[in-house]
Amino acid sequence: MNSLRLLNLTVLLVSVALVGCDSADSEDNTTTTSDGVLHSAFAEFDSNNVSVVLSGSEVIIETNGLPNHPSPYWSSEHELFVEPTVTTYQKMAPGDIDDFVGTYTLTVSSSPEKATNSSSTGLGAIGIAVSGSVIYNDEEGPGIPLDGAIGSLDFNGAHTGPQSFHYHLEPISFSDDDSNLIGVISDGFFLYGRKCNSTGTYPTDLDESGGHTAQTQHSESEEYHYHIENEVYLGSYYILFPGNYQGTASGIR
């Protein structure tokens, strides 16, 4: 990630102690500048794949797009390759994870705010996951629902193409019916699993984008964030982000 190494400000991410439902104490792992504070949730991102830099009041996130967990979409020679289970070789999308060479970069505010009006996500990457890969919405193409592509998704609800390995559904390698951090959406708000850390159960006050304002394991005060909505899709799946951006989104390039 040479472009980020050229920046004068490098943020060292350290471990975060999870905040319990009745606790407001956490280790201070943020880096402060005169303009902004790096949110402690960024310590959850895999530093082997993702680089996070605080530059003034902006956070620059760059990833190599590669996941840190097993998948049948790795080439058969790769150490993280596993045989397909919920999909088959015949149904899998073309291309291996290894084929992707490049980076994705997202710049967001260190203090994101909700916009006056929500906006549609569109196709392509709409967020960056803690694993290093990117997040997509619930469409497989322009106006084409994900239904027809379900058979190509691996056990993490992900597949390749056209430009990356990406998630559409709950990625059970790092979030399986829990409150774990999934990643950051393009408007700067974080996406968590189906449960709320502050209550230990499924939130009931989510807006149309799966968001609400509550305490998380990474915040001492309440803040707006998204959840994977606990609504079953096609009998057994949970879509990562089927709604609109509630903040002002930046492009992932």
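The values are calculated or read from the model by the stated rules, or taken from the named source; none is laboratory data. Small disclaimer: the values here were computed from a predicted structure and weren't measured. Please note: Cβ atoms are built from the backbone with ideal geometry, for glycine as well, and neighbour counts cover all protein chains shown. These area figures cover heavy atoms from the full protein model, side chains too; ligands, DNA and RNA do not enter into them. Shrake-Rupley method; radii C 1.70, N 1.55, O 1.52, S 1.80 Å.
Reported count of residues in the stretch 141-195, each being open to solvent by less than 30 Å² (accessible area, probe 1.4 Å) and either free of Cβ contacts under 8 Å to residues at least 12 places away in the same chain or farther than 17 Å from T216 by Cα (or both), is 24.
Restricting attention to the stretch 203-216, does a residue exist that is β-branched (V, I, T), without any contact (Cβ under 8 Å) to a residue 24 or more places away in the chain and closer than 21 Å to P171 by Cα? Outline the logic, then answer.
At the first step, the residues of the stretch 203-216 found to be β-branched (V, I, T) are 204, 213, 216.
Checking the rest, the ones that are also without any contact (Cβ under 8 Å) to a residue 24 or more places away in the chain come to 204, 213.
Among the residues that remain, those that are also closer than 21 Å to P171 by Cα are: none.
No: zero hits.
Please tell me if V134 is among the aliphatic types (A, V, I, L, M), under 30 Å from N48 (Cβ atoms) and in contact with a His (Cβ under 7 Å, 6 or more places away or on another chain). In short, yes. Within the stretch 72-106, if we keep just the residues that are among the hydrophobic types (A, V, I, L, M, F, W, C) and not in a loop (DSSP other than H, G, I, E, B), the residue that is most open to solvent (accessible area, probe 1.4 Å) turns out to be F81. D138: of a type in the set (D, E), under 18 Å from the mean Cα position of the chain (by Cα) and open to solvent by 10 Å² or more (accessible area, probe 1.4 Å), yes or no? Against the criterion (of a type in the set (D, E), under 18 Å from the mean Cα position of the chain (by Cα) and open to solvent by 10 Å² or more (accessible area, probe 1.4 Å)), D138 qualifies. Hey, can you tell me all the residues within the stretch 220-250 that are under 19 Å from the mean Cα position of the chain (by Cα), over 16 Å from S119 (Cα atoms) and open to solvent by 50 Å² or more (accessible area, probe 1.4 Å)? Hits for the stretch 220-250 are N230, E231, Y237.
Any chance you could count how many residues in the stretch 107-122 are within 25 Å of N64 (Cα to Cα) and part of a strand (DSSP E or B)?
Residues of the stretch 107-122 that are within 25 Å of N64 (Cα to Cα), as a first pass: 107-112, 121-122.
Imposing the further condition that a residue be part of a strand (DSSP E or B) reduces the set to 107-109.
Number of matching residues: 3.
For the stretch 199-214, the tally of residues that are within 20 Å of V130 (Cβ to Cβ) and open to solvent by 40 Å² or more (accessible area, probe 1.4 Å) stands at 0. Annotation: S47 fulfils all but one of (1) over 19 Å from L169 (Cα atoms); (2) among the hydroxyl-bearing types (S, T, Y); (3) touching a Pro at 6+ places or on another chain (Cβ under 7 Å); the unmet one is (3).
So that you can scan it fast, the table gives a plain yes or no per residue for (1) surrounded by 13 or more Cβ atoms within 10 Å (Cβ to Cβ); (2) more than 15 Å from A158 (Cα to Cα); (3) at pLDDT 50 or above:
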| site | (1), (2), (3) |
| --- | --- |
| L7 | yes, yes, no |
| D22 | no, yes, no |
| L38 | yes, yes, yes |
| A43 | yes, yes, yes |
| P70 | yes, no, yes |
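Being in contact (Cβ under 8 Å) with a residue 12 or more places away in the chain and of a type in the set (G, A, S) is the requirement here; does G95 meet it? Yes; evaluated as a whole, the condition is true for this residue. Restricting A129, A149, A158 to those that are modelled with pLDDT under 95 and not basic (K, R) reduces the list to A149.
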